[in-house]
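Everything below concerns the one structure shown next.
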Amino acid sequence: MTGDFVIKSVQPAEEIVLIPAGPDRRAGFDALFREHYPRVVAMLARLTGNRAQAEEIASDVFCKVSQRGPADLPWIYRVATNAGLDALRSNARRRRQEEAAGVETVRSAENRNALEEMLRREKRDRVRTVLGELKPRDAQMLLLRAEGWAYRELAETLGIHPGSVGTILARAEAEFERKFRARYGDDV
């Protein structure tokens, strides 16, 4: 320990990250957690369609943050969306395996028209499937924009020039639509 900091070496060995020691580090992490955990969970729940899985992923992300030390918000959201996309791909693989094994996954919804609920669920699954097939940056861009993020926040989080956000977003939307139509026809 040196003064008020703990020296932690990271790769490559020549780089040194200074992490505040003691109560300052804990207080900073607690404030970061309280402010951003609900937002990360909401974003991941929307992506995965499973709140419990979203909370688990978000907990893993914040565990990494607590071990890593100071983390900027773009890093947190990149890690969270990447983990969410990984879970989405894993869920899709599991669903395909279940369908191949003949497992029925349709559940009837109480107090709703079962057919309407099934169609909504199918559309969400289709969107998630196509998001999982996109390049990670494109999927992250679409997901964060759907969460209401401003162009400035998108640029900062994804590490791109703010003037490029509109173009990249338009290309991501076009790629999403192209892949969706190729997979499911004109039923957008």
*Quickly run through the stretch 64-74 and pick out the residues that are more than 30 Å from Lys123 (Cα to Cα), assigned to a helix (DSSP H, G or I) and in contact (Cβ under 8 Å) with a residue 24 or more places away in the chain.*
Val65, Ser66, Leu73
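Quick grid of which residues meet (1) part of a helix (DSSP H, G or I); (2) of a type in the set (A, V, I, L, M); (3) under 30 Å from Leu134 (Cβ atoms); (4) at pLDDT 70 or above:
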{"residue": "Ser59", "(1), (2), (3), (4)": "yes, no, yes, yes"}
{"residue": "Phe62", "(1), (2), (3), (4)": "yes, no, yes, yes"}
{"residue": "Ile76", "(1), (2), (3), (4)": "yes, yes, yes, yes"}
{"residue": "Asn82", "(1), (2), (3), (4)": "yes, no, yes, yes"}
{"residue": "Leu88", "(1), (2), (3), (4)": "yes, yes, yes, yes"}
{"residue": "Val103", "(1), (2), (3), (4)": "no, yes, yes, no"}
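Residue by residue through the stretch 4-48, note down the ones that are among the small types (Gly, Ala, Ser) and either surrounded by fewer than 16 Cβ atoms within 10 Å (Cβ to Cβ) or modelled with pLDDT under 50 (or both). Even if it seems obvious, please write down each step before you answer.
Applying the first criterion (among the small types (Gly, Ala, Ser)) to the stretch 4-48 yields 9, 13, 21-22, 27-28, 31, 42, 45.
Answer for the stretch 4-48, where residues must be among the small types (Gly, Ala, Ser) and either surrounded by fewer than 16 Cβ atoms within 10 Å (Cβ to Cβ) or modelled with pLDDT under 50 (or both): Ser9, Ala13, Ala21, Gly22, Ala27, Gly28, Ala31, Ala42.
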*Just one of the numbered conditions (1) in contact with a helix residue (DSSP H, G or I) (Cβ under 7 Å, 6 or more places away or on another chain); (2) crowded, with 17+ Cβ neighbours inside 10 Å is not true of Arg152; which one?*
(2)
*Write out, first by first residue and then by second, each pair whose Cβ atoms fall under 7 Å of each other, whose residues are 6+ apart or on separate chains, and whose first residue, in the stretch 34-60, is at positive phi while the second is in a helix (DSSP H, G or I).*
Gly49/Arg124; Gly49/Arg128
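Under the condition of being part of a loop (DSSP other than H, G, I, E, B) and touching a helix residue (DSSP H, G or I) at 6+ places or on another chain (Cβ under 9 Å), which residue from the stretch 139-149 is nearest to Leu169 (Cα to Cα)? Spell out the reasoning first.
Of the stretch 139-149, the ones part of a loop (DSSP other than H, G, I, E, B) are 147-149.
After this cut, where a residue has to be touching a helix residue (DSSP H, G or I) at 6+ places or on another chain (Cβ under 9 Å) as well, the list is 147, 149.
Details: Glu147: 14, Trp149: 12 Å.
Among those residues, the one meeting the criterion is Trp149.
Quick check, is Gly132 assigned to a helix (DSSP H, G or I), outside the structural domain of Leu44 (by TED's automatic domain parsing) and more than 16 Å from Leu44 (Cα to Cα)? If you could, list the steps in order and put the result at the bottom.
Working: assigned to a helix (DSSP H, G or I): yes; outside the structural domain of Leu44 (by TED's automatic domain parsing): yes; more than 16 Å from Leu44 (Cα to Cα): no.
So Gly132 does not fit the description; no.
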*Which of the residues spanning the stretch 105-132 are of a type in the set (S, T, N, Q), under 26 Å from Lys179 (Cβ atoms) and modelled with pLDDT of 65 or more?*
Thr129
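The values are calculated or read from the model by the stated rules, or taken from the named source; none is laboratory data. Note that the coordinates shown come from a computational prediction; the quantities given were computed from them, not determined experimentally. Cβ: placed from backbone, ideal geometry, glycine included. Neighbour counts: every protein chain shown.
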